[in-house]
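So the structure is just underneath, and the comments pick up after that.
The values are calculated or read from the model by the stated rules, or taken from the named source; none is laboratory data. On a predicted model such as this, the values are computed, not experimentally measured, just so you know. All Cβ positions, glycine included, derive from the backbone under ideal geometry; neighbour counts span all protein chains shown.
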Amino acid sequence: MDILLAIAIMALGAVVLGAALGFASIKFKVEGDPLVEKIEAILPQTQCGQCGFPGCKPYAEAIAKGDVDINLCPPGGMEGVAKLADLLGREVKPLDAEEKPKQIAIIDENTCIGCTLCIQACPVDAIVGAAKQMHTIITPLCTGCELCLPPCPVECIRMEAITENIDNWKWKYPVVEIKAAPLQKAA
Amino acid sequence: MLMNLFKFKGGVKPPTNKTQSLGLSIAQAPLPSKLVVPLHQSIGGTPRPVVQAGDKVLKGQLIGEADGWISAAVHAPTSGTVLEVAMHVQPHPSGLDAMCVVIEPDGKDEWIARQPVDYQALTPEQVREGLQQAGVVGLGGAVFPTHGKLTASKTVPMDELVINGAECEPFITCDDLLMRERAEEVVRGIGVFRDLLQPKKVLIGIEDNKPEAAAAMRAAVDALGEPFLVVQVPTLYPAGGAKQLIRVLTGKEVPASKRSTDLGVQCFNVATAYTAWRAIAHGEPVVSRLVTVTGNVGEPRNYEVLIGTPMGELLQLAQPQPDTDGIVMGGPMMGFLVPDAKVPVVKATNCLIAHSERLFPPKAPEMPCIRCGACAQACPHELQPFEMYWFSRAKNFGKTQEYHIFDCIECGCCSFVCPSRIPLVQYFRFAKSEIWARERDKNAAEGAKARFEFKQLRDEREKAEKAEKLAKAAAAQAAKKAAEAAAAAAAEASPTAPDSAAAATQVQASAATVEATATPAVDAEKEAKKAAIAAAMARAKAQREAVQPKNTEQLSAVQQREQAEIEARRQAAHLTDPAQAEPAAPASEKTD
Ligand code: SF4
Ligand code: SF4
Ligand code: SF4
Ligand code: SF4
């Protein structure tokens, strides 16, 4: 009799706790894959496709699955590779391309014929213009992905490295002076 | 008038070196040869230039229009001609250039029509706008636009208005002399701030090493019958930091994450109050300020200086000693060596110190941190500089934030006391600017991601819409054809019942043909577009080729002869083939 009671109590407990867990799993459901989101937060969101994927998110998904290397994103640079390695517990590898300084695109407004092809190419909507009107780049929005260069039929878009100005200038790492110790004669 | 003062922890007592520049009264600096007025002289948006090279301007005329609410207008400091609007080197530790309006004075110093206003007849918004138009900014050194600080918090009642006349940095005496000589106008300016903010109390804090200034301010307060309290605070660097003075006078501690109005207190410098009063009661925008010129000079003194005066010219007035090897802007604790003697005096320039090795002997090299804790004891914000130093040095920025690096006011007390002579503040500045840069990058990346995702969504939607439209058009055409066919069938075979099955197959067939014809139509459209683009390309190319290098037109005879000689020499050396050797070959041909 006792043993039946014990089993009943345990069964009741199991049912109640199972229901609670089930409810919690619905209520606190995590949207999307948290690992992909973490990886995406590290990627620079330039959306340039140089990694061989159509944007940063597909690359993040591929990394999360473990099918690809973590050193394929040139805009992220070595710093990005190091961060990814840190997150995923993988080894740091040298970047699979040259590291470039950050650039932005500039349209030569005298040559632009207003074909709208660059607008269609820009992944982040950083170009304004209309058919047969001059186009221009909204500099703060440009990620420097270079995707607008090939479609331009008159080659009026060029890339320029972002130069240092008072607004983006950073204090430099203090340089430690090293003083030569006076030579001591061997005793 | 005794009142309970509070204390802040730490602080240091460096030699004050103030007496040198206190001997003489304020002098008006003469007109310099040229004025270089930077457009960006305050926190916030960069003002837009509203003058061009060649324009005639009057003293006080607007030359830079405020961009956004947190931004302050810039005015011509004297009458004259605008020489250029161009990049010039700035009084900034980076030594980089920024946009400046360069004015050649005409010597007349002729004012624009000045409009004094009765501020009591205006709404608070109008007064704030007026101060923005007059370019009034915090003259204590932070140059935050004053109008932006003149709105009380909606939820917290305004308890105290703190007026900062402490001037704790060594060498600097411009606020001291301002209070001694122009106390009345300072007090009137404080009255304006009081009326806008409606605080319960107004406290004017002055360090107790300036008894004359305190006496002058007390006399002015009494003469004007204002209920302001002039409080002498103990001399201890950095008692003149806004947060420290608020702490000493009210006991309130303002964290980096909050505005002082959220705690019911606001703080202004005495010089700011003075310029605010000049702007309101005399219609004079901020075109000059008081600057202490001291250090390694023969005659240290305070000057009323036009904004834009080159620092080198100003320093000459005080007769610098021959071994002067640089100019420090600001005090010895928080100032920096300016990159060039040509840099202009700006609204943030309270003091110039002629630098020499005699006055500021070079520091012995840095040694390792011995964890003595002296820096933590000296820090007025109760931070742990040595911990922040370790993490900044290791570039572990997350940890520096855990140690509250953004509460550091860069006062330099920690570097001042460090027995290992570690330039702690430099490490903190480095860490802070790295953290800001990362923050900017992160925000930019987030924005790019959002726009990318939106673009993808839009592309999808457009594709779907197009497909739907095509399908609809095809269906409509098919329906029309079917109707025609049905009508024809009905006309032809009138007596017999229409064969509905046949009609239905016909409809299907015609629909198929419609779809087949739809694609060629799209193709033709594409072809037309391509052709148009090709034509445009050809035009652009022709345009580029038609461009002649401008500097080869109108050559003088001498230049033409020189060119011919050069060409002859090149031909002799077989550098060019003669067919191409035309002198004015367009540059574009080579680049093509
Ligand atoms: S290379 Fe980097 S920035 Fe470019 S799309 Fe791939 S992950 Fe994004
Ligand atoms: S403007 Fe050009 S370089 Fe800049 S983000 Fe758009 S496509 Fe890339
Ligand atoms: S004062 Fe200098 S040596 Fe002492 S703990 Fe601070 S950083 Fe280290
Ligand atoms: S510079 Fe910063 S850390 Fe150093 S004493 Fe001043 S507030 Fe403290």
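I'd like the residue in segment B:356-400 that is more than 16 Å from ligand 3 (Cβ to nearest atom) and under 23 Å from B:LEU236 (Cα atoms) and, out of all such residues, is surrounded by the fewest Cβ atoms within 10 Å (Cβ to Cβ). By that ranking, first place goes to B:PHE360. Selection of segment B:133-146 for residues being surrounded by fewer than 24 Cβ atoms within 10 Å (Cβ to Cβ) and in a helix (DSSP H, G or I) yields only B:GLN133. Filtered by the rule that a residue be free of Cβ contacts under 8 Å to residues at least 60 places away in the same chain and buried (at least 22 other Cβ atoms within 10 Å of the Cβ), segment B:293-317 gives a lone residue, B:VAL297. Within segment A:159-173, being exposed (fewer than 13 other Cβ atoms within 10 Å of the Cβ) and either within 16 Å of ligand 1 (Cβ to nearest atom) or away from every other protein chain (no Cβ under 11 Å) (or both) holds for A:GLU160, A:ALA161.
Which of the residues that make up segment B:404-423 are within 6 Å of ligand 4 (Cβ to nearest atom) and either closer than 19 Å to B:ALA364 by Cβ or in the same structural domain as B:GLY330 (by TED's automatic domain parsing) (or both)? Within segment B:404-423, B:GLY412, B:CYS414 meet the criteria.
On the stretch given as segment A:101-122, residues that are within 11 Å of another protein chain (Cβ to nearest Cβ) and either assigned to a loop (DSSP other than H, G, I, E, B) or within 14 Å of A:CYS156 (Cα to Cα) (or both) total 12.
Looking at this structure, is A:ASP125 within 13 Å of another protein chain (Cβ to nearest Cβ), near ligand 2 (Cβ under 9 Å from one of its atoms), free of Cβ contacts under 8 Å to residues at least 40 places away in the same chain and of a type in the set (Asp, Glu)? Quick ask: steps written out before the conclusion?
Working: within 13 Å of another protein chain (Cβ to nearest Cβ): yes; near ligand 2 (Cβ under 9 Å from one of its atoms): yes; free of Cβ contacts under 8 Å to residues at least 40 places away in the same chain: yes; of a type in the set (Asp, Glu): yes.
Yes; evaluated as a whole, the condition is true for this residue.
Let's see how each residue does on (1) in contact (Cβ under 8 Å) with a residue 12 or more places away in the chain; (2) away from ligand 4 (no atom under 16 Å from the Cβ); (3) under 24 Å from B:ALA450 (Cβ atoms); (4) surrounded by 15 or more Cβ atoms within 10 Å (Cβ to Cβ):
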{"position": "A:ASN71", "(1), (2), (3), (4)": "yes, yes, no, yes"}
{"position": "A:GLU79", "(1), (2), (3), (4)": "no, yes, yes, no"}
{"position": "A:LEU88", "(1), (2), (3), (4)": "yes, yes, no, yes"}
{"position": "A:GLU91", "(1), (2), (3), (4)": "no, yes, no, no"}
{"position": "A:ILE137", "(1), (2), (3), (4)": "yes, yes, yes, yes"}
{"position": "A:LEU141", "(1), (2), (3), (4)": "yes, yes, yes, yes"}
{"position": "A:PRO150", "(1), (2), (3), (4)": "yes, yes, no, no"}
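Scan segment B:369-387 and tell me whether some residue there is within 8 Å of ligand 4 (Cβ to nearest atom), within 28 Å of the chain's Cα centre (by Cα), without any contact (Cβ under 8 Å) to a residue 60 or more places away in the chain and within 13 Å of B:LEU424 (Cα to Cα). The answer is no; no qualifying residue exists.
Listed residues B:SER21, B:SER42, B:SER33; which is within 14 Å of chain A (Cβ to nearest Cβ) and either assigned to a strand (DSSP E or B) or of a type in the set (Ser, Thr, Tyr) (or both)?
Numbers: B:SER21 fails: within 14 Å of chain A (Cβ to nearest Cβ); B:SER33 fails: within 14 Å of chain A (Cβ to nearest Cβ).
After ruling out the rest, the residue left standing is B:SER42.
At least 2 residues that are over 28 Å from B:CYS408 (Cβ atoms) and modelled with pLDDT under 95 in each: list the helices (runs of 4 or more DSSP H) lying fully within segment B:173-263 that qualify.
Values: elements: B:174-197, B:211-223, B:242-250.
Per the criteria, B:174-197, B:211-223.
Residue check: B:PRO361 meets all listed conditions (1) touching a residue at least 24 places away in the same chain (Cβ under 8 Å); (2) more than 14 Å from chain A (Cβ to nearest Cβ) but one, namely (1). The requirement of being touching a Leu at 6+ places or on another chain (Cβ under 6 Å) and within 15 Å of B:THR309 (Cβ to Cβ) is satisfied by B:VAL74. Scanning segment A:58-80 for residues that are within 20 Å of A:PRO34 (Cα to Cα), more than 8 Å from ligand 1 (Cβ to nearest atom) and of a type in the set (A, V, I, L, M, F, W, C) returns A:ALA62, A:ILE63, A:ALA64, A:VAL68, A:ILE70. Scanning segment A:18-73 for residues that are within 14 Å of another protein chain (Cβ to nearest Cβ), within 16 Å of ligand 2 (Cβ to nearest atom) and either assigned to a helix (DSSP H, G or I) or of a type in the set (S, T, N, Q) (or both) gives A:GLN45, A:THR46, A:GLN47, A:CYS56. Scanning segment B:401-427 for residues that are over 19 Å from B:PRO170 (Cβ atoms), more than 9 Å from chain A (Cβ to nearest Cβ), within 14 Å of ligand 3 (Cβ to nearest atom) and touching a helix residue (DSSP H, G or I) at 6+ places or on another chain (Cβ under 7 Å) returns B:TYR403, B:CYS408, B:PRO419. Screening B:VAL101 against (1) in a strand (DSSP E or B); (2) assigned by TED's automatic domain parsing to the domain that holds B:LEU177; (3) of a type in the set (A, V, I, L, M, F, W, C) leaves a single unmet condition, (2).
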